[in-house]
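All remarks here apply to the structure that follows.
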Amino acid sequence: MKKLMKLFSLVILSLWITQIAVVQAASADQEPVIALQLNKAETTQNGCRVSLLVRNHLKNEITQLALDLVVFDNTGRISDFLSMKTGRLPSGKTRVQQYDLPAGSCADISSLLINDVSQCEGTENISPAICLDTLNVSSRADIELTL
């Protein structure tokens, strides 16, 4: 019985080690990205306040990132143009930023389009084009975030 338990433990251990190796290999193969998530949108007295999570998965620090956004209303028409700056984003750092959109309410906004990266500065190998190409966007709010 003890031999059977040892054998069973070894099989479980080897499966666990294999699973960890597969997860680590998948992580290593992922493209470096700047992840941008629209996490929350709430109507305030000043309009629609959006909370964005930004995470720099690039190997290099970003000293300034500025995004040009287009706001679309519920009919699909452009309602506003905005520029958002994140400030310094060290490699591996997650930052939460809040912005007040001058719309009546969040219910009046259907989507936000990242039209361009107007500024992306940092250490070597950082440029607006690289930052735009590495953006990975998502939304947890009722408002869609697109590229």
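The values are calculated or read from the model by the stated rules, or taken from the named source; none is laboratory data. Since the structure is predicted, the reported quantities are computational estimates derived from the model, not experimental observations. Note that we place each Cβ from the backbone using ideal geometry, even for glycine, and neighbour counts take in every protein chain shown. The protein model used for the area step is the full one, side chains on, heavy atoms only, and it has no ligands, DNA or RNA in it. Shrake-Rupley method; radii C 1.70, N 1.55, O 1.52, S 1.80 Å.
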* **Residue under evaluation ILE130, criteria (1) closer than 19 Å to HIS57 by Cβ; (2) among the hydrophobic types (A, V, I, L, M, F, W, C); (3) modelled with pLDDT of 95 or more, criterion not met** => (3)
* To do: Consider only pairs whose beta carbons are under 6 Å apart and that are at least six residues apart or on different chains; among these, list those whose first residue lies in the range 55-74 and is touching a residue at least 12 places away in the same chain (Cβ under 8 Å) and closer than 15 Å to GLN119 by Cα and whose second residue is hydroxyl-bearing (Ser, Thr, Tyr) and surrounded by 17 or more Cβ atoms within 10 Å (Cβ to Cβ).
  => LEU65/THR86
* Check LEU52 against each of (1) of a type outside the set (D, E, K, R); (2) open to solvent by 50 Å² or more (accessible area, probe 1.4 Å); (3) at pLDDT 95 or above and name the one condition it does not meet. => (2)
* Asked: Does at least one position in the range 110-126 carry a residue that is assigned to a strand (DSSP E or B), over 24 Å from ALA41 (Cα atoms) and open to solvent by less than 30 Å² (accessible area, probe 1.4 Å)?
  -> yes
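Being farther than 29 Å from GLY104 by Cβ and buried (at least 18 other Cβ atoms within 10 Å of the Cβ) is the filter here, so list the residues in the range 56-84 that pass it.
Let us first name the residues in the range 56-84 that are farther than 29 Å from GLY104 by Cβ, namely 56-64.
Residues satisfying the conditions are ASN56, LEU58, ILE62.
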